[in-house]
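Have a look at the structure below before the remarks.
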Amino acid sequence: MAADLGDLTAFVAVARAGGFREAARASGRSASSVSESVSRLEARLGVRLLNRTTRSVAPTEAGARLLDRLGPALGEVEAALDVVNGFRDRPAGTLRLNVPVSAARLVLPRIVPPFLAAYPDIRLEVMAEDGFVDMLAAGCDAGIRYDERLEQDMIAIPIGPREQRFATAAAPAYLDQRGRPDHPRQLLDHACLRGRFASGAMTAWEFERDGEVVKVDPTGPLIVRVGGATDLAVDAAVAGSGVIQLFEDWLRPYLDSGALEPVLEPWWQRFSGPFLYYPGRRYLPAPLRAFVDFTRSLRQWP
(Lines give C-alpha, C1' and ligand atoms only; values in the text may rest on other atoms or scores of the structure.)
Protein backbone atom coordinates (compact mmCIF):
# COMPACT_ATOMS: atom_id res chain seq x y z
CA MET A 1 0.00 0.00 0.00
CA ALA A 2 2.98 2.29 -0.57
CA ALA A 3 1.93 5.82 -1.50
CA ASP A 4 3.72 8.18 -3.84
CA LEU A 5 5.61 10.94 -2.01
CA GLY A 6 4.16 13.54 -4.37
CA ASP A 7 0.62 12.40 -3.55
CA LEU A 8 1.32 12.61 0.17
CA THR A 9 2.79 16.08 -0.24
CA ALA A 10 -0.26 17.20 -2.21
CA PHE A 11 -2.61 15.95 0.50
CA VAL A 12 -0.70 17.81 3.22
CA ALA A 13 -0.69 21.00 1.15
CA VAL A 14 -4.47 20.87 0.56
CA ALA A 15 -5.26 20.01 4.17
CA ARG A 16 -3.14 22.88 5.47
CA ALA A 17 -4.30 25.45 2.90
CA GLY A 18 -7.98 24.48 3.12
CA GLY A 19 -8.45 24.29 -0.64
CA PHE A 20 -7.05 22.93 -3.87
CA ARG A 21 -6.43 26.29 -5.52
CA GLU A 22 -4.60 27.61 -2.47
CA ALA A 23 -2.49 24.45 -2.27
CA ALA A 24 -1.72 24.64 -5.98
CA ARG A 25 -0.58 28.23 -5.65
CA ALA A 26 1.68 27.38 -2.73
CA SER A 27 3.20 24.32 -4.42
CA GLY A 28 3.55 25.73 -7.92
CA ARG A 29 1.31 23.04 -9.44
CA SER A 30 -2.05 23.23 -11.19
CA ALA A 31 -5.21 22.72 -9.13
CA SER A 32 -6.22 19.77 -11.31
CA SER A 33 -2.86 18.08 -10.75
CA VAL A 34 -3.15 18.50 -6.99
CA SER A 35 -6.72 17.15 -7.05
CA GLU A 36 -5.62 14.11 -9.04
CA SER A 37 -2.84 13.40 -6.55
CA VAL A 38 -5.22 13.49 -3.60
CA SER A 39 -7.81 11.33 -5.37
CA ARG A 40 -5.11 8.83 -6.27
CA LEU A 41 -3.95 8.68 -2.65
CA GLU A 42 -7.50 8.15 -1.38
CA ALA A 43 -8.07 5.37 -3.90
CA ARG A 44 -4.82 3.68 -2.92
CA LEU A 45 -5.61 3.86 0.80
CA GLY A 46 -9.29 3.02 0.34
CA VAL A 47 -10.49 5.82 2.63
CA ARG A 48 -11.69 9.38 2.16
CA LEU A 49 -9.17 11.87 3.52
CA LEU A 50 -10.87 15.16 2.69
CA ASN A 51 -14.45 16.38 2.90
CA ARG A 52 -15.09 18.59 -0.11
CA THR A 53 -17.85 21.19 -0.46
CA THR A 54 -18.25 24.11 -2.84
CA ARG A 55 -17.03 26.44 -0.08
CA SER A 56 -14.38 24.53 1.80
CA VAL A 57 -12.12 21.52 2.02
CA ALA A 58 -11.38 19.95 5.41
CA PRO A 59 -9.76 16.69 6.57
CA THR A 60 -11.94 13.79 7.65
CA GLU A 61 -11.08 12.11 10.94
CA ALA A 62 -8.82 9.72 9.04
CA GLY A 63 -7.30 12.63 7.13
CA ALA A 64 -6.65 14.60 10.31
CA ARG A 65 -4.81 11.67 11.89
CA LEU A 66 -2.76 11.13 8.76
CA LEU A 67 -1.92 14.83 8.62
CA ASP A 68 -0.69 14.80 12.24
CA ARG A 69 1.80 12.05 11.40
CA LEU A 70 2.73 13.18 7.90
CA GLY A 71 3.45 16.84 8.61
CA PRO A 72 6.55 16.31 10.77
CA ALA A 73 7.69 13.34 8.68
CA LEU A 74 7.60 15.29 5.41
CA GLY A 75 9.37 18.16 7.12
CA GLU A 76 12.19 15.79 8.02
CA VAL A 77 12.33 14.50 4.43
CA GLU A 78 12.60 18.04 3.08
CA ALA A 79 15.31 18.87 5.61
CA ALA A 80 17.22 15.70 4.71
CA LEU A 81 17.09 16.46 1.00
CA ASP A 82 18.12 20.05 1.63
CA VAL A 83 21.31 18.87 3.33
CA VAL A 84 22.63 18.31 -0.20
CA ASN A 85 22.48 22.06 -0.69
CA GLY A 86 25.31 22.36 1.82
CA PHE A 87 27.61 20.66 -0.66
CA ARG A 88 26.83 23.10 -3.47
CA ASP A 89 28.89 26.16 -4.24
CA ARG A 90 25.70 28.20 -4.17
CA PRO A 91 22.40 27.45 -2.39
CA ALA A 92 19.51 26.58 -4.70
CA GLY A 93 15.79 26.13 -4.42
CA THR A 94 12.61 28.15 -3.90
CA LEU A 95 12.01 30.60 -1.07
CA ARG A 96 8.42 31.68 -0.46
CA LEU A 97 7.68 34.81 1.56
CA ASN A 98 4.31 36.10 2.79
CA VAL A 99 4.45 39.86 3.34
CA PRO A 100 2.16 42.88 3.73
CA VAL A 101 1.79 45.05 0.65
CA SER A 102 3.55 47.86 2.53
CA ALA A 103 6.63 45.65 3.04
CA ALA A 104 6.63 44.61 -0.62
CA ARG A 105 6.66 48.27 -1.57
CA LEU A 106 8.82 49.86 1.12
CA VAL A 107 11.18 47.15 2.46
CA LEU A 108 11.86 44.45 -0.12
CA PRO A 109 12.99 46.68 -3.04
CA ARG A 110 16.22 47.41 -1.15
CA ILE A 111 16.82 43.72 -0.36
CA VAL A 112 15.53 41.60 -3.24
CA PRO A 113 17.69 42.77 -6.20
CA PRO A 114 21.05 42.36 -4.42
CA PHE A 115 19.89 39.07 -2.85
CA LEU A 116 18.95 37.62 -6.25
CA ALA A 117 22.27 38.81 -7.67
CA ALA A 118 24.16 37.12 -4.84
CA TYR A 119 22.17 33.87 -5.09
CA PRO A 120 21.23 33.32 -8.75
CA ASP A 121 20.15 29.70 -8.12
CA ILE A 122 17.45 30.72 -5.63
CA ARG A 123 13.96 31.44 -6.89
CA LEU A 124 12.10 33.93 -4.70
CA GLU A 125 8.30 33.88 -4.60
CA VAL A 126 6.61 36.76 -2.78
CA MET A 127 2.94 36.70 -1.80
CA ALA A 128 1.83 40.20 -0.80
CA GLU A 129 -1.47 40.62 1.02
CA ASP A 130 -2.78 42.57 3.96
CA GLY A 131 -5.21 40.03 5.36
CA PHE A 132 -3.69 37.99 8.19
CA VAL A 133 -2.49 34.67 6.79
CA ASP A 134 -1.14 31.55 8.50
CA MET A 135 2.27 31.60 6.87
CA LEU A 136 2.92 27.88 7.19
CA ALA A 137 -0.57 26.87 6.05
CA ALA A 138 -0.07 29.03 2.97
CA GLY A 139 3.04 27.04 2.09
CA CYS A 140 5.50 29.85 2.83
CA ASP A 141 8.91 29.55 4.44
CA ALA A 142 8.96 32.94 6.14
CA GLY A 143 7.03 36.15 6.41
CA ILE A 144 7.28 39.81 7.28
CA ARG A 145 5.06 41.24 9.98
CA TYR A 146 5.02 44.04 12.49
CA ASP A 147 5.75 42.97 16.06
CA GLU A 148 2.16 43.03 17.30
CA ARG A 149 1.19 40.53 14.59
CA LEU A 150 3.93 37.96 15.09
CA GLU A 151 2.84 34.36 15.48
CA GLN A 152 3.92 32.27 18.44
CA ASP A 153 6.91 29.94 18.33
CA MET A 154 8.56 32.03 15.64
CA ILE A 155 12.03 33.51 15.40
CA ALA A 156 11.98 37.18 14.45
CA ILE A 157 14.82 39.36 13.18
CA PRO A 158 14.58 43.07 12.31
CA ILE A 159 14.15 43.92 8.66
CA GLY A 160 13.61 47.36 7.18
CA PRO A 161 13.48 50.73 8.98
CA ARG A 162 13.46 50.30 12.75
CA GLU A 163 11.11 53.20 13.26
CA GLN A 164 8.35 54.46 11.02
CA ARG A 165 5.61 57.07 11.16
CA PHE A 166 2.06 57.38 9.90
CA ALA A 167 1.95 60.56 7.85
CA THR A 168 -1.13 62.66 7.22
CA ALA A 169 -1.19 64.84 4.12
CA ALA A 170 -3.33 66.59 1.52
CA ALA A 171 -2.88 68.57 -1.68
CA PRO A 172 -2.03 72.24 -1.11
CA ALA A 173 -5.04 73.30 -3.22
CA TYR A 174 -7.36 71.26 -0.98
CA LEU A 175 -5.91 72.82 2.17
CA ASP A 176 -6.14 76.33 0.67
CA GLN A 177 -9.85 75.73 0.15
CA ARG A 178 -10.76 73.77 3.31
CA GLY A 179 -8.22 75.09 5.80
CA ARG A 180 -5.25 73.57 7.61
CA PRO A 181 -6.20 71.70 10.80
CA ASP A 182 -4.05 72.22 13.89
CA HIS A 183 -5.65 69.44 15.99
CA PRO A 184 -6.58 65.89 14.95
CA ARG A 185 -10.24 66.34 15.93
CA GLN A 186 -10.58 69.03 13.29
CA LEU A 187 -10.25 66.25 10.69
CA LEU A 188 -13.86 65.36 11.48
CA ASP A 189 -14.78 68.44 9.44
CA HIS A 190 -12.62 67.38 6.48
CA ALA A 191 -12.98 64.98 3.56
CA CYS A 192 -10.73 62.04 4.47
CA LEU A 193 -9.65 59.16 2.25
CA ARG A 194 -9.89 55.90 4.20
CA GLY A 195 -8.70 52.32 3.87
CA ARG A 196 -10.54 49.11 4.75
CA PHE A 197 -8.76 45.81 5.48
CA ALA A 198 -9.71 42.49 3.92
CA SER A 199 -11.37 41.55 7.22
CA GLY A 200 -13.76 44.46 6.83
CA ALA A 201 -12.14 46.47 9.61
CA MET A 202 -11.49 50.15 9.13
CA THR A 203 -9.21 51.34 11.91
CA ALA A 204 -9.33 54.80 13.42
CA TRP A 205 -6.62 57.32 12.66
CA GLU A 206 -4.26 57.70 15.64
CA PHE A 207 -2.16 60.70 16.58
CA GLU A 208 0.23 61.32 19.45
CA ARG A 209 1.93 64.40 20.84
CA ASP A 210 3.67 64.91 24.19
CA GLY A 211 2.16 61.72 25.56
CA GLU A 212 -1.38 62.58 24.47
CA VAL A 213 -2.98 60.03 22.13
CA VAL A 214 -5.97 61.08 20.03
CA LYS A 215 -8.05 58.72 17.90
CA VAL A 216 -10.46 60.02 15.28
CA ASP A 217 -12.77 58.23 12.87
CA PRO A 218 -13.25 60.72 10.03
CA THR A 219 -15.44 60.25 6.98
CA GLY A 220 -14.92 61.10 3.36
CA PRO A 221 -15.72 60.46 -0.27
CA LEU A 222 -13.44 57.43 -0.84
CA ILE A 223 -12.75 54.10 0.89
CA VAL A 224 -10.23 51.72 -0.68
CA ARG A 225 -9.05 48.19 0.06
CA VAL A 226 -5.83 48.47 2.06
CA GLY A 227 -2.89 47.30 0.00
CA GLY A 228 -4.33 46.60 -3.41
CA ALA A 229 -6.04 49.95 -3.94
CA THR A 230 -3.93 52.19 -1.72
CA ASP A 231 -2.31 53.91 -4.72
CA LEU A 232 -5.78 55.00 -5.85
CA ALA A 233 -6.24 56.84 -2.55
CA VAL A 234 -2.84 58.48 -2.96
CA ASP A 235 -3.75 59.63 -6.47
CA ALA A 236 -7.03 61.01 -5.17
CA ALA A 237 -5.22 62.92 -2.43
CA VAL A 238 -2.80 64.41 -4.96
CA ALA A 239 -5.78 65.43 -7.09
CA GLY A 240 -7.27 67.32 -4.14
CA SER A 241 -10.04 64.93 -3.11
CA GLY A 242 -9.16 64.95 0.58
CA VAL A 243 -6.78 64.11 3.41
CA ILE A 244 -4.88 60.79 3.50
CA GLN A 245 -3.03 58.94 6.25
CA LEU A 246 -0.41 56.37 5.26
CA PHE A 247 3.15 55.21 5.90
CA GLU A 248 5.45 58.22 5.70
CA ASP A 249 7.83 56.37 3.37
CA TRP A 250 4.94 55.68 0.97
CA LEU A 251 4.01 59.38 0.82
CA ARG A 252 7.56 60.76 0.99
CA PRO A 253 8.05 61.24 -2.80
CA TYR A 254 4.85 63.30 -2.97
CA LEU A 255 5.77 65.31 0.13
CA ASP A 256 9.22 66.05 -1.26
CA SER A 257 7.83 67.13 -4.63
CA GLY A 258 5.19 69.36 -3.07
CA ALA A 259 2.30 67.40 -4.58
CA LEU A 260 1.18 66.73 -1.01
CA GLU A 261 1.58 68.94 2.05
CA PRO A 262 2.10 67.56 5.57
CA VAL A 263 -0.90 67.87 7.86
CA LEU A 264 -0.56 67.78 11.66
CA GLU A 265 3.08 66.67 11.40
CA PRO A 266 3.83 67.25 15.13
CA TRP A 267 1.12 64.67 15.82
CA TRP A 268 2.41 61.92 13.49
CA GLN A 269 2.53 58.68 15.44
CA ARG A 270 5.71 56.59 15.49
CA PHE A 271 5.77 52.79 15.55
CA SER A 272 8.39 50.05 15.43
CA GLY A 273 9.53 48.60 12.13
CA PRO A 274 8.81 45.13 10.71
CA PHE A 275 10.42 41.76 11.37
CA LEU A 276 11.29 38.79 9.23
CA TYR A 277 9.87 35.76 11.02
CA TYR A 278 10.20 32.05 10.44
CA PRO A 279 9.65 28.78 12.36
CA GLY A 280 12.11 28.06 15.15
CA ARG A 281 13.35 24.87 13.53
CA ARG A 282 16.76 23.43 14.25
CA TYR A 283 17.45 23.10 10.55
CA LEU A 284 16.55 25.80 8.03
CA PRO A 285 16.17 25.17 4.28
CA ALA A 286 19.19 26.52 2.42
CA PRO A 287 17.31 29.30 0.57
CA LEU A 288 15.80 30.59 3.82
CA ARG A 289 19.11 30.35 5.65
CA ALA A 290 20.75 32.36 2.85
CA PHE A 291 18.03 35.03 3.03
CA VAL A 292 18.28 35.31 6.82
CA ASP A 293 22.07 35.64 6.68
CA PHE A 294 21.84 38.17 3.83
CA THR A 295 19.29 40.27 5.72
CA ARG A 296 21.47 40.30 8.83
CA SER A 297 24.51 41.34 6.80
CA LEU A 298 22.89 44.45 5.35
CA ARG A 299 23.95 47.84 6.55
CA GLN A 300 21.89 48.97 9.53
CA TRP A 301 18.59 50.54 8.59
CA PRO A 302 17.83 53.98 9.99
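The values are calculated or read from the model by the stated rules, or taken from the named source; none is laboratory data. Since the structure is predicted, the reported quantities are computational estimates derived from the model, not experimental observations. For neighbour counting, all protein chains shown are included, and Cβ atoms are generated from backbone atoms with ideal geometry for every residue, glycine included. These accessible areas exclude ligands, DNA and RNA; they are computed on the full protein's heavy atoms, side chains included. Shrake-Rupley method; radii C 1.70, N 1.55, O 1.52, S 1.80 Å.
Counting 0.36 nm for each residue step from Ala31 to Leu188 and taking away their Cα separation leaves a gain of 51.7 nm. Annotation: Arg29 carries an accessible surface of approximately 80 Å², with a 1.4 Å probe and no ligand, DNA or RNA atoms counted.
Would you list Tyr146, Tyr254 from the most to the least accessible area, probe 1.4 Å? Intermediate results must be reported in sequence, preceding the final value.
Numbers: Tyr146 25, Tyr254 60 Å².
Greatest to least solvent exposure: Tyr254, Tyr146.
When nucleic acids and ligands are ignored and a 1.4 Å probe is applied, Arg52 ends up with an accessible area of around 80 Å².
Looking at the chain, the pairs of alpha carbons with a distance over 34 Å make up 37% of the total.
Grab the other residues whose beta carbon is less than 12 angstrom from that of Ala118, score K and R as +1, D and E as -1, and report the net. Intermediate values should be presented prior to the final figure.
Values: positive: Arg90; negative: Asp121, Asp293.
Local net charge: -1.
The phi torsions of region 33-45, fed into the Karplus equation with coefficients 6.51, -1.76 and 1.60 and a -60° offset, translate into couplings of 5, 5, 4, 4, 5, 5, 4, 5, 5, 4, 5, 5, 7 Hz, rounded to whole numbers, with Gly and Pro shown as x.
Given H placed 1.01 Å from N in the peptide plane, which residues other than close sequence neighbours of Ala167 have an amide H under 5 Å from its amide H? Residues meeting the amide H criterion: Leu246, Phe247, Glu248. Spin-label model, Leu74 to Ser199: label points 7 Å out along the Cα-to-beta-carbon direction sit 2.8 nm apart.
Below 11 angstrom from the Cβ of Gly6, what's the summed charge of the other residues (Lys, Arg +1; Asp, Glu -1)?
Surrounding charge for Gly6 is -1.
In the chain, the DSSP-assigned H stretches of four residues or longer account for a calculated mean residue ellipticity at 222 nm of -11500 deg cm²/dmol, using -39500 (n - 2.57) per stretch and the full residue count as denominator. Which log10 I(q)/I(0) values does region 210-302 give at q = 0.17, 0.22 Å⁻¹ under the Debye formula, counting every alpha carbon as one identical point scatterer? Cα-only, vacuum Debye calculation for region 210-302: -0.93, -1.19. Dipole of region 155-302 computed with +1 at Lys/Arg Cβ and -1 at Asp/Glu Cβ about the Cα centre; of Tyr277, Leu188, Leu232, farthest Cα towards the positive end is Tyr277. With the charge dipole of the chain set up from +1 on Lys and Arg Cβ and -1 on Asp and Glu Cβ about the Cα centre, the Cα lying farthest toward the positive end among the listed residues Gly71, Pro161, Tyr146 is that of Gly71. Dipole size of region 158-248 about its Cα centre, with +1 on Lys/Arg Cβ and -1 on Asp/Glu Cβ: approximately 220 debye, rounded to the nearest 20.
The listed residues Asp130, Asp4, Asp153, Asp68, once ranked by accessible area (1.4 Å probe) with the largest placed first, stand as Asp153, Asp68, Asp4, Asp130. Of all the options Thr54, Thr230, Thr94, the one that moves most in a Gaussian network model of the chain with Cα springs shorter than 10 angstrom is Thr54.
Taking a sphere under 15 Å around the Cβ of Met202 and counting the other residues whose Cβ falls inside, with K and R at +1 and D and E at -1, yields a net charge of +1. For the chain, the Cβ-based charge dipole about the Cα centre amounts to some 700 debye (Lys, Arg positive; Asp, Glu negative; other atoms uncharged). Which FRET efficiency value, to the nearest 0.05, is calculated for Phe271 and Asn51 with the Förster distance at 51 angstrom and r the Cβ-Cβ distance? About 0.75, to the nearest 0.05.
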